[in-house]
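Colleague: The structure follows.
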Amino acid sequence: MVTMQDVAERAGVTKQTVSNVIRGRGAVSPATAARVRAAVEELGYTPNLVARSLATGATKTVGLFVPTVAGAFYADIVEEVEDVLDENGYHLLLCTTRLDGGRAKRHLAGLTSRSVDALLIAGDRDLIDHLPLLAEARFPVALCAWETEAPDRFAVVTIDYERAGYLAGRHLRELGHQRVAVLASPDHTPRVAGFRRAFAADGLTVPDGAVHMAPEPTLAGGFTAANAALAADPGTTALFATHDILALGALEAARATGRSVPQDLSIVGHDDNPDVRLARPALTSVAIPKREMAREAIELLLRALARSGAPANSLQLLRPELVVRDSTGPVGGTPAVGP
């Protein structure tokens, strides 16, 4: 078995220097660190994480909670967090709640007694009522992708979801749309509020009857909600879906009801996932900087670990951006952009 001493001899440094490089601590010159890493790779040295954690009280492991990894949004967050941790010599412990509050509570209760150095919680579904379990956690905690009111005791890095809805609304208003509907998930109140604010700026109201809750965040759910919206007001000229997947369902509903997009019906989504660029017509969507959000949140935790403290109690909002494609156009007109 290759030992740390073997690595030290190959790199021409002390055993302590090798330890400092592996742990990411201490003042080591870039050239020396490069020699150590080359020796580690050449010899195939694997640090004994259990022994290190017993000696230092640190495991070099960070926990991450997400609702699911089935969709592109949380899959991207997991990838970005894992990349940052890998860059800094940390490992990822991933937990999924599967939209199950009981499962989330069990995971949180178990994690407080397990060996992780920090915890990042992505998404507020199923977890907001269980955060008191972390009140006495010995490790720093941060939240990201948080859409409900941010808790006071934790650092939060998230998206300005209200502005995302506003951007969708302003785009449709600039195209002249007045009779509109929203296809929403119950958790997306800020997005709906922002959309309504955009219309209120022109003295228009988006009534409660124009907001249709999707039975599930799926293509079928979007299809059902869009059909309900178009049946409730056949004169609707535009739809805003708070999930891209709901917007894709709305495209199918438009086809099924004989409506042309965007000539008869404009559709705006939210998230700007890769699939929407391949839709026909390509979907206008509000893009959110999810990878930037994930990177900033995990780096905040790593800085807290370097200081051996908790991250500052702060709220950071990242700005979304509207990406205009072929699914939106003026009332009775042509697409806002060409292919």
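The values are calculated or read from the model by the stated rules, or taken from the named source; none is laboratory data. Computed from a predicted model, the values in this text were never measured in an experiment. With ideal geometry, Cβ positions are generated from the backbone for all residues, glycine too; neighbour counts draw on all protein chains shown. For accessibility, only protein heavy atoms count, side chains too; no ligands or nucleic acids. Shrake-Rupley method; radii C 1.70, N 1.55, O 1.52, S 1.80 Å.
Colleague: Could you tell me which of the residues Asp124, Asp129 is within 15 Å of Leu317 (Cβ to Cβ) and at pLDDT below 85?
Modeller: Working: Asp129 fails: within 15 Å of Leu317 (Cβ to Cβ).
Every option except Asp124 fails the conditions.
Colleague: Tell me, which residue of segment 32-70 that is modelled with pLDDT under 90 and charged (D, E, K, R) is nearest to Ile298 (Cα to Cα)?
Modeller: Once the filter is applied, the top-ranked residue is Lys60.
Colleague: Within segment 238-252, which residues are polar (S, T, N, Q) and in a strand (DSSP E or B)?
Modeller: none
For (1) at pLDDT below 95; (2) open to solvent by 10 Å² or more (accessible area, probe 1.4 Å); (3) at positive phi, each residue gets a yes or a no:
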residue: Ile159; (1), (2), (3): no, no, no
residue: Glu162; (1), (2), (3): no, yes, no
residue: Glu174; (1), (2), (3): no, yes, no
residue: Leu183; (1), (2), (3): no, no, no
residue: Arg196; (1), (2), (3): no, yes, no
residue: Glu216; (1), (2), (3): yes, yes, no
residue: Asn227; (1), (2), (3): no, yes, no
residue: Ala231; (1), (2), (3): no, yes, no
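Colleague: Which residue is modelled with the highest pLDDT, if the candidates are limited to segment 141-157 and must be out of contact with any Phe, Trp or Tyr (no Cβ under 9 Å at 6 or more places or on another chain) and closer than 13 Å to Ala193 by Cβ?
Modeller: So, considering only residues that are out of contact with any Phe, Trp or Tyr (no Cβ under 9 Å at 6 or more places or on another chain) and closer than 13 Å to Ala193 by Cβ, the one modelled with the highest pLDDT is Thr148.
Colleague: Quick one: what pairs do we get from segment 170-182, first residue more than 18 Å from Ala225 (Cβ to Cβ) and free of Cβ contacts under 8 Å to residues at least 40 places away in the same chain, second among the acidic types (Asp, Glu) and open to solvent by 30 Å² or more (accessible area, probe 1.4 Å), C-beta under 8 Å, 6+ apart or different chains?
Modeller: Hits for this filter: Arg173/Asp202.
Colleague: Take His107 and decide whether it is open to solvent by 40 Å² or more (accessible area, probe 1.4 Å), closer than 30 Å to Pro274 by Cβ, out of contact with any Asp or Glu (no Cβ under 6 Å at 6 or more places or on another chain) and modelled with pLDDT under 80.
Modeller: Values: open to solvent by 40 Å² or more (accessible area, probe 1.4 Å): yes; closer than 30 Å to Pro274 by Cβ: yes; out of contact with any Asp or Glu (no Cβ under 6 Å at 6 or more places or on another chain): yes; modelled with pLDDT under 80: yes.
In short, yes.
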